[in-house]
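Bear in mind that the values in this text are calculations on the coordinates, not laboratory data. Just so it is clear, the structure is predicted and the values come from calculations on it, not from any experiment. Quick reminder, even Gly has a Cβ in these numbers, built from the backbone with ideal geometry, and neighbours come from all protein chains shown.
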Amino acid sequence: MPFLTMDADILLYIQDHIRSSFLDKIFPNITFLGDAGIFWILLTVVFLCFRKTRRAAVCSAIALVGSLLLNNCILKPLVNRTRPYELIEGLVLIGEKAKDGSFPSGHTAASIASAVAMCRYLKKRWYLPLIGLALMISFSRLYIGIHYPTDVLVGLLDGILLAVIAWVIESKLYRGVPKYAAFAGTDTAIAGKSPDDKSSDDHKENDDTTTVV
């Protein structure tokens, strides 16, 4: 199959031309941050503790739950794709073998979903470290040979989709559930008000201008 051939070529290229004794120690530790979404779960819990980052944390929590349900509970058992180190001749796995299916990459999906979801309510200075780490975790899955590139690509795409869904759900909660709005606070975005709130303010300003005129 063409996709399997392309996947194999990429993984073998990484093994032959990018792997080194130094990076062999670095990337397993990077991939560890995505194990069971541990880093993103801890960051979400920390952000929940502070009023200004609470909405970002709730978006992340929704995205992470969505990733668990879609990827780990539905897609992995349904597709049950064999891991690359079991099919690609010459590919050497770094670390322990996985017990579940390969498609899609749960590490990638959870990392991208959480990072992108949080960025909606965080200042731009957070974008690079969060998205950068998520992408590093994603690449680490290729580096150690535990995922096909297509696993990671689909994980990245569904992570972005889950983040957008999380934004929609959280926004509806904020506008429709008073208790949640009180919990989240009126000044929850580090960058100030959310995009929806800013849009509302713009309309109000236009109305005020009309009245004055």
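Exceeding 24 Å between C-alpha atoms, which entries from my cross-link table qualify? They are Lys76/Lys172; Lys25/Lys76; Lys52/Lys76; Lys52/Lys124; Lys52/Lys172.
In this structure, Lys76/Lys172; Lys25/Lys76; Lys52/Lys76 lie more than 24 Å apart at Cα.
Using label points projected 7 Å from each Cα along Cα→Cβ, tell me how many nm separate Asp24 and Asn80, to one decimal.
Rounded to a tenth, the inter-label distance reads 3.4 nm.
With a cut-off of at most 16 other beta carbons within 10 Å, and DSSP calling the residue loop, which GluC sites (Glu not before Pro) in region 1-104 qualify? Please list them. Walk me through the numbers before you get to the answer.
Numbers: sites: Glu86, Glu89, Glu96; in loops: Glu89, Glu96.
Sites meeting the loop and neighbour criteria: Glu89, Glu96.
Just checking my list [x] 1.10; [y] 1.03; [z] 1.13 against Rg/Rh (Cα atoms, Kirkwood Rh) computed from this structure; which label fits?
Correct label, based on the coordinates given: [x].
Show me the ranking of peptides 77-84, 133-140, 103-110, 17-24 by mean Cβ neighbours inside 10 Å, starting with the highest.
Those peptides, ordered most packed to least, come out 103-110, 133-140, 77-84, 17-24.
What does the charge add up to near Ser60, with Lys and Arg as +1, Asp and Glu as -1, over the other residues with Cβ less than 11 Å from its Cβ?
After counting each charged neighbour, the total is +2.
Calculated from DSSP H runs of 4 or more alone, at -39500 (n - 2.57) each and per residue, what is the 222 nm mean residue ellipticity of the chain, nearest 500?
-20500 deg cm²/dmol
Expressed in nm to one decimal, what extension gain is obtained for the pair Leu4 and Glu89 from 0.36 nm per residue of sequence separation less their Cα-Cα distance?
That works out to 29.4 nm of additional length.
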